[in-house]
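Participant: Structure incoming, see below.
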Amino acid sequence: QVPLKPGRSLMDWIRLTKSGKDLAGLKGKLIEVTEDELAKHNKKEDCWICIRGFVYNVTPYMEYHPGGEDELMKAAGTDGTDLFDQVHRWVNYESMLKECLVGRMAVKPIAAPKGEGCCIYSAFLQQIPEDKTVLCMRTFIKSIYFFSSLCFLFYSYDWFQTDSLITIVVYTKQKDMNAELVIVDCQDKRLRGEIIVDDHSYLVEVGRYCNFACETFSLLVNIAEKVGKVEIILKKKDNIHWKMLGQPLEHHNTFIKCKDRGLFYRKCKLVSKMEVTHDTKLFCLTLPKSTHLRVPTGQHVYLKQIIAGTEVVKPYTPVLPFLPLDFKEPSHYDGAHIYLMIKIYSCGLFTQALDDLQIGNYISVSNPEGNFKKSQVQTSEDLFLLAAGTGFTPMVKLLNFALTEVSCLRIVKLIFFNKTDDDILWRNQLEQLVLKDERFEVQFILSQPTKDWVGKQGKISSSLLSEFVKRSRKDSKVLICICGPTPFAEQGVQ
């Protein structure tokens, strides 16, 4: 993120979008935009960007963009969908930029394919009644894409019932299947079960006829890890015989890349809010009984709130309720809760809204996302964690995992940067953890210390890191994880 000029906050942008000003510059008209026309609008003072087939005039948004004008200009006059997905796929751009909508991209005519594939395609079409051609063309294309995406890994599901229960079985044939790879939600007569396989996911999604006792019954998920079989067990609301599981929804029984799924949210209740430091709080959210969700180590979720009529979304990394000094997750941390350590900014629109939440209020929480793999830790001998401020949050579960389950690690060292002594999160717990495991070290470094501070001072730099990041052996395998503000992360990588 970059510093914004005064009067250019998110709240200021929301006010501007509701002011009635013509932000799109077309006096309320929507047009069809060709590629040539889009390419003409590629300057800061005249910038159009296409996202998922819709074109927006982002010129008035330039000074309000948290990532700065240069980031927006990377997609000026082009289709910025891929760039958008890489940086912040979670942002609800439709809501943020609705007043900037220029129109839809013109559809380019597609030339008839040539070669052997065309013969197969033509033969396929000749067998279809004329009024069904378009639908079947889509089905054919979708089937070919689905087949190629599977890479010959075929997924299937089945279901059976007793008088009171419904059991859905998904046969993934995926070894090492575990609870973190299965996400299930049952709400509003809709069942959604997602199985994660590397960067793809398989989805079972039905609705309409589903009638589960979601409010009173916690669903059960059983996993046969060695064969990859997943069982989802739910209770019927009425003890009657079902003729079908439910009406298949649009993406039911599909296997596609996770990034193409779109985010799925469920409403979670705030059950507690505790102070950690003078400006940071630990929020505890409880998942619905009808949800099975385990956030993997190193991954984050998105929180979604409606603020002043605009949907605002921010990412946060779940933590544990405290650092387990016996190297076991607390028994009450049973997967039914999500803990978030959040810094409350005095002029932060979103965090102020979170801080205003009362116990019992609800907030929408997404599925987990992230690319971190535990195997990176399991194949390392020296682990160094560089954190600044609330960049400490991803390190909490990582610390617990490393010290509990990775016996090959010889060094686990946290280098924790903060402004003042009062800003250090869980300092006492970290110091106690040092006494519990001889492999663990922590180094606190302050950039604005008081006169009483006797520890290390300064900001992240190559000279400072060279002092603390040292191999346990000359040829040891090292993993360095870093999290903090963008300038901190960039300096650390250098």
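The values are calculated or read from the model by the stated rules, or taken from the named source; none is laboratory data. Small disclaimer: the values here were computed from a predicted structure and weren't measured. Cβ: placed from backbone, ideal geometry, glycine included. Neighbour counts: every protein chain shown. Just so you know, the surface numbers come from the protein's heavy atoms only, side chains and all, with ligands and any DNA or RNA stripped out. Shrake-Rupley method; radii C 1.70, N 1.55, O 1.52, S 1.80 Å.
Participant: Pick from the range 472-489 the residues that are farther than 14 Å from Phe417 by Cβ and either assigned to a loop (DSSP other than H, G, I, E, B) or of a type in the set (Asp, Glu) (or both): which of them is most open to solvent (accessible area, probe 1.4 Å)?
Facilitator: Per the criteria, the residue is Lys474.
Participant: In addition: For the range 277-302, what are the residues that are in contact with a Lys or Arg (Cβ under 8 Å, 6 or more places away or on another chain) and of a type in the set (Lys, Arg)?
Facilitator: Within the range 277-302, just Lys281 meets the criteria.
Participant: Check Thr277 against each of (1) out of contact with any Ser or Thr (no Cβ under 9 Å at 6 or more places or on another chain); (2) open to solvent by 20 Å² or more (accessible area, probe 1.4 Å) and name the one condition it does not meet.
Facilitator: Of (1) out of contact with any Ser or Thr (no Cβ under 9 Å at 6 or more places or on another chain); (2) open to solvent by 20 Å² or more (accessible area, probe 1.4 Å), only one is false for Thr277: (2).
Participant: Could you check Lys236 against (1) in contact with a Ser or Thr (Cβ under 7 Å, 6 or more places away or on another chain); (2) open to solvent by 50 Å² or more (accessible area, probe 1.4 Å); (3) closer than 15 Å to Ser290 by Cα and say which number it fails?
Facilitator: (2)
Participant: Next question, about the same structure. Would you pick out the residues in the range 16-42 that are assigned to a helix (DSSP H, G or I), touching a residue at least 24 places away in the same chain (Cβ under 8 Å) and open to solvent by 70 Å² or more (accessible area, probe 1.4 Å)?
Facilitator: Here is the first cut: in the range 16-42, the residues assigned to a helix (DSSP H, G or I) are 16-17, 35-40.
With touching a residue at least 24 places away in the same chain (Cβ under 8 Å) added as a condition, the list becomes 16-17, 35, 38-40.
Glu35, Lys40 - these are the residues of the range 16-42 that are assigned to a helix (DSSP H, G or I), touching a residue at least 24 places away in the same chain (Cβ under 8 Å) and open to solvent by 70 Å² or more (accessible area, probe 1.4 Å).
Participant: Of everything in the range 58-98 that's in a helix (DSSP H, G or I), of a type in the set (A, V, I, L, M) and without any contact (Cβ under 8 Å) to a residue 40 or more places away in the chain, which residue is surrounded by the fewest Cβ atoms within 10 Å (Cβ to Cβ)? Break it down stepwise before answering.
Facilitator: Of the range 58-98, the ones in a helix (DSSP H, G or I) are 59-64, 69-73, 81-88, 93-96, 98.
Right, trim to of a type in the set (A, V, I, L, M) and you get 62, 72-73, 83, 87, 96.
Now drop any that are not without any contact (Cβ under 8 Å) to a residue 40 or more places away in the chain, which leaves 62, 72-73, 83, 87.
Numbers: Met62: 16, Leu72: 19, Met73: 17, Leu83: 16, Val87: 14.
The residue in question is Val87.
Participant: Of the conditions (1) within 29 Å of the chain's Cα centre (by Cα); (2) free of Cβ contacts under 8 Å to residues at least 40 places away in the same chain; (3) surrounded by fewer than 20 Cβ atoms within 10 Å (Cβ to Cβ), Thr404 satisfies every one except a single condition; which number is it?
Facilitator: Among (1) within 29 Å of the chain's Cα centre (by Cα); (2) free of Cβ contacts under 8 Å to residues at least 40 places away in the same chain; (3) surrounded by fewer than 20 Cβ atoms within 10 Å (Cβ to Cβ), the lone unmet condition for Thr404 is (2).
Participant: Can we say Thr310 is among the β-branched types (Val, Ile, Thr) and either surrounded by fewer than 18 Cβ atoms within 10 Å (Cβ to Cβ) or farther than 30 Å from Lys18 by Cα (or both)?
Facilitator: Details: among the β-branched types (Val, Ile, Thr): yes; either surrounded by fewer than 18 Cβ atoms within 10 Å (Cβ to Cβ) or farther than 30 Å from Lys18 by Cα (or both): no.
Against the criterion (among the β-branched types (Val, Ile, Thr) and either surrounded by fewer than 18 Cβ atoms within 10 Å (Cβ to Cβ) or farther than 30 Å from Lys18 by Cα (or both)), Thr310 does not qualify.
Participant: Right, another one. With respect to Lys189, is the statement that it is at pLDDT 85 or above and of a type in the set (D, E, K, R) true? Can you show your working first?
Facilitator: On the way: at pLDDT 85 or above: no; of a type in the set (D, E, K, R): yes.
So Lys189 fails the test.
Participant: Taking the stated definitions as given, is Lys226 out of contact with any helix residue (DSSP H, G or I) (no Cβ under 7 Å at 6 or more places or on another chain), under 17 Å from Val182 (Cβ atoms) and assigned to a loop (DSSP other than H, G, I, E, B)? First the steps, then the outcome.
Facilitator: Details: out of contact with any helix residue (DSSP H, G or I) (no Cβ under 7 Å at 6 or more places or on another chain): yes; under 17 Å from Val182 (Cβ atoms): yes; assigned to a loop (DSSP other than H, G, I, E, B): yes.
Judged against the criteria, Lys226 is a match.
Participant: Of all residues in the range 255-274, which are out of contact with any Ser or Thr (no Cβ under 9 Å at 6 or more places or on another chain) and either open to solvent by less than 30 Å² (accessible area, probe 1.4 Å) or polar (S, T, N, Q) (or both)?
Facilitator: Ser272
Participant: Find the residue count for the range 184-217, including only residues that are over 21 Å from Pro296 (Cα atoms) and in a loop (DSSP other than H, G, I, E, B).
Facilitator: The total comes to 11.
Participant: Hey, another quick one. For residues that are closer than 15 Å to Tyr265 by Cα and more than 19 Å from the chain's Cα centre (by Cα), scanning just the range 165-212, find the one that is most open to solvent (accessible area, probe 1.4 Å).
Facilitator: Asp188
Participant: Just give me the residues in the range 285-303 being touching a His at 6+ places or on another chain (Cβ under 8 Å) and open to solvent by less than 10 Å² (accessible area, probe 1.4 Å), in sequence order. Working first, answer last.
Facilitator: The first filter runs over the range 285-303 and keeps only residues touching a His at 6+ places or on another chain (Cβ under 8 Å), leaving 285-287.
Matches in the range 285-303: Leu285 only.
Participant: Same structure again: Just give me the residues in the range 429-471 being part of a helix (DSSP H, G or I), open to solvent by less than 90 Å² (accessible area, probe 1.4 Å) and not acidic (Asp, Glu), in sequence order. Write out each step before concluding.
Facilitator: First, pick out the residues of the range 429-471 that are part of a helix (DSSP H, G or I): 429-436, 462-468.
Retained after the next criterion (residues that are open to solvent by less than 90 Å² (accessible area, probe 1.4 Å)): 429-434, 462-468.
Correct list: Gln429, Leu430, Gln432, Leu433, Val434, Ser462, Ser463, Leu464, Leu465, Ser466, Phe468.
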